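Here's the structure, in structure tokens; my notes come after.
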Amino acid sequence: MIEIKFTYNSSEYTSAVRFFLFKQWTTFRSLAMWVTFLVILSWLLRDDSHSIIFNFISTSTVFISIIILVMFFLQPFFMIKRNPNFKNEYTVQFDDTGINLHTKNIDSKLGWDLFNRFLENKMSYLLCAKSTIIVIPKSAFLTEDSRKQAMILFEQKVKSK
């Protein structure tokens with residue numbers, strides 16, 4: 001069994017959430033739509049015409065830009081600021097049966113079958129379920145050996161579906 005204790009810091013958590021969002025297919029679809037609208041908008045601007053299509057595309061481009069801005073930059077920041085659990089110390093235990101997650105307000109046992117994806121960025125491990133992620137900061141591991149053991153366990157137990 002591997003046990004770690006940590007309190008989320010804003011930069012680790014927001015970085016992990018942005019990384020997760022960037023890895024989602026819907027994010028790529030949104031970015032592709034945004035780029036397409038920008039290309040069409042720039043093509044329409046060359047005519048100096050202000051048609052209904054031009055107005056629709058320019059408005060849509062602004063709207064999509066705002067959504068992308070909120071999704072990548074503001075949402076992760078507000079998630080950590082609004083949720084009081086992020087201020088508490090987390091105690092997390094990993095073993096062959098799953099994850100025990102404990103804080104002042106949470107006491108959960110999560111089986112490995114809940115998770116369908118394992119991601120890693122430079123500061124965190126992300127265990128992804130259908131509607132949620134668990135961010136495990138790499139800085140929470142006291143030794144390199146325990147970090148490597150956890151990573152092996154994550155890779156073995158979390159099968160991408």
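Each value in this text was obtained by applying a stated rule to the coordinates, not by laboratory testing. No experiment lies behind these values; they were computed from the predicted model shown. Neighbour counts run over all protein chains shown; Cβ positions are idealised from the backbone, glycine included.
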Self-check item: S30-K87 FRET efficiency (beta carbon distance; Förster radius 41 Å; 0.05 resolution)
Solution: 0.85
Quiz item: How far is it, in nm, from the label point at I53 to the one at Q156 when both lie 7 Å from their Cα along the line to the Cβ?
Solution: 5.9 nm
Quiz item: What nm value, rounded to one decimal, do you get for the distance between A129 and Q75 when each label is placed 7 Å out toward the C-beta?
Solution: 1.9 nm
Exercise. Provide the per-residue ³J(HN,Hα) series for the range 151-157, in order, calculated from phi with Karplus coefficients 6.51, -1.76, 1.60 and θ = phi - 60°, each as a whole number of Hz, with x at glycine and proline positions.
Key: 4, 4, 4, 4, 5, 6, 8
Self-check item: Cα-centred dipole magnitude for the chain, charges only on beta-carbon of K, R (+1) and D, E (-1), debye, nearest 20
Solution: 140 debye
Exercise. Describe numerically, in nm with one decimal, the distance between label points set 7 Å from Cα along Cα→Cβ at E120 and at S139.
Key: 1.9 nm
Exercise. Apply the Karplus parameterisation 6.51 cos²θ - 1.76 cosθ + 1.60, with θ equal to phi minus 60°, to every residue of the range 113-127 and state each ³J(HN,Hα) to the nearest whole Hz, in sequence, with x for glycine and proline.
Key: 5, 5, 8, 10, 7, 10, 10, 9, 10, 5, 10, 8, 9, 10, 9
